[in-house]
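Asker: I have a structure here, written as structure tokens, and I will follow up with some questions on it.
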Amino acid sequence: MNFKDKVAIVTGGAQGIGRCITEEFQKAGAMVCVIDKQQGNHFVGDLADKETLEQFAKEVIEKHGQVDYLINNALPLMKGICECSYEEFQYALSVGVTAPFYLTKLFAPYFTKGAAIVNISSSRDRMSQPQTESYTAAKGGIAALTHALAVSLAGRVRVNSISPGWIDTAYTVYEGSDAIQQPAGRVGNPMDIANMALYLCSDKAGFITGENICIDGGMTHQMIYHGDNGWTLK
């Protein structure tokens, strides 16, 4: 895939999945604008802050004058109902849902023909562990925001989301139960997500919009019953 002279924006692009997506876009020739709280050679700022989003958008447009791809990847706070405060829950939603919405709104006049948005959700948008409410709510929100934006921006911008499962950002190779419990036979890595993100931005995905694609090694499709297939509840 060739993204020469294309402008890609990646939120939370300084580390983990976001960094991998950033690097893959760069390898494909794109000019990548990153915003992240982590210090580095990119726009440093908190996505929960409205003025920060406006300043970032202003700088991108002043420098490039257009946006081809927007990857909303920044990681929301994960806390559960027992410990998460009202303010922390609001913060998680601000990073995970409000920021993607507002950046889309800010960049709307500047999206080019064939533009695409990819929102990074999570397999937690459909399943949960205890004490993960802030993160799960944010990821469920961005999955729903995806199809809403796809309809509102129909004919102008394609909008899709990816729901990663267990992705080890250190590329650790797991063996034993950690690998075997996943139908694909391994734990995922950032390239599994980056490959799909670039595909969804490419012309090859020109007939795909409003979709949520779960990349979790098949985990969310695996039925688990006590005593079945070696699964036991202790």
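Asker: Under 6 Å between Cβ atoms, which residue pairs at least 6 apart in sequence (or on different chains) link something in the range 138-157 that is touching a residue at least 12 places away in the same chain (Cβ under 8 Å) with a partner that is in a loop (DSSP other than H, G, I, E, B)?
Answerer: Ala138/Pro76; Lys139/Ser121; Lys139/Ser122; Ile142/Ser121; Ala143/Ser121; His147/Gly210; Ala150/Thr209; Ala150/Gly210
Asker: Would a scan of the range 107-119 turn up a residue that is part of a loop (DSSP other than H, G, I, E, B), open to solvent by less than 30 Å² (accessible area, probe 1.4 Å) and modelled with pLDDT of 95 or more?
Answerer: No: zero hits.
Asker: Right, something else. Which numbered condition in (1) more than 24 Å from Val67 (Cβ to Cβ); (2) not in a helix (DSSP H, G or I) is the only one that Ala137 fails?
Answerer: (2)
Asker: Okay, moving on. Just checking, does the range 80-90 include any residue being at pLDDT 95 or above, among the polar types (S, T, N, Q) and under 18 Å from Gly18 (Cβ atoms)?
Answerer: No, the range 80-90 has no match at all.
Asker: Now for a separate question. Considering only residues of the range 16-53 that are in a helix (DSSP H, G or I) and either of a type in the set (Phe, Trp, Tyr) or in contact with a Leu (Cβ under 7 Å, 6 or more places away or on another chain) (or both), which is most open to solvent (accessible area, probe 1.4 Å)?
Answerer: Glu24
Asker: For residues in the range 77-106 being crowded, with 18+ Cβ neighbours inside 10 Å and of a type in the set (Val, Ile, Thr), which is nearest to Ala137 (Cα to Cα)?
Answerer: In this case the residue turns out to be Val97.
Asker: Within the range 158-169, identify whether any single residue is of a type in the set (Val, Ile, Thr), in a loop (DSSP other than H, G, I, E, B) and surrounded by 14 or more Cβ atoms within 10 Å (Cβ to Cβ), and answer yes or no.
Answerer: yes
Asker: I'm checking my understanding of the structure. Among residues of the range 60-76 that are free of Cβ contacts under 8 Å to residues at least 60 places away in the same chain and more than 15 Å from Gly13 (Cβ to Cβ), which one is surrounded by the fewest Cβ atoms within 10 Å (Cβ to Cβ)?
Answerer: Once the filter is applied, the top-ranked residue is Glu62.
Asker: Still on this structure, I have one more. So in the range 192-211, with the set limited to residues that are among the hydroxyl-bearing types (Ser, Thr, Tyr) and in contact with a helix residue (DSSP H, G or I) (Cβ under 6 Å, 6 or more places away or on another chain), which one is surrounded by the fewest Cβ atoms within 10 Å (Cβ to Cβ)?
Answerer: Tyr199
Asker: Within the range 120-134, which residues are open to solvent by less than 50 Å² (accessible area, probe 1.4 Å), touching a residue at least 60 places away in the same chain (Cβ under 8 Å) and not charged (D, E, K, R)?
Answerer: Matches in the range 120-134: Ile120, Ser121, Ser123.
Asker: List pairs: first in the range 1-16 and at pLDDT 95 or above, second among the polar types (S, T, N, Q) and assigned to a loop (DSSP other than H, G, I, E, B), Cβ under 7 Å, 6+ apart or cross-chain?
Answerer: Val7/Gln66; Val10/Asn73; Thr11/Asn73; Gly12/Asn73; Gly13/Asn73; Ala14/Gln38; Gln15/Gln38; Gly16/Thr169
The values are calculated or read from the model by the stated rules, or taken from the named source; none is laboratory data. Remember, predicted model here, so these are calculated numbers, not experimental data. FYI the Cβ positions are ideal-geometry reconstructions off the backbone, even for glycines, and counts take in every protein chain you see. Each accessible area value is taken on the protein alone, full model and side chains, heavy atoms only, with ligands, DNA and RNA left out. Shrake-Rupley method; radii C 1.70, N 1.55, O 1.52, S 1.80 Å.
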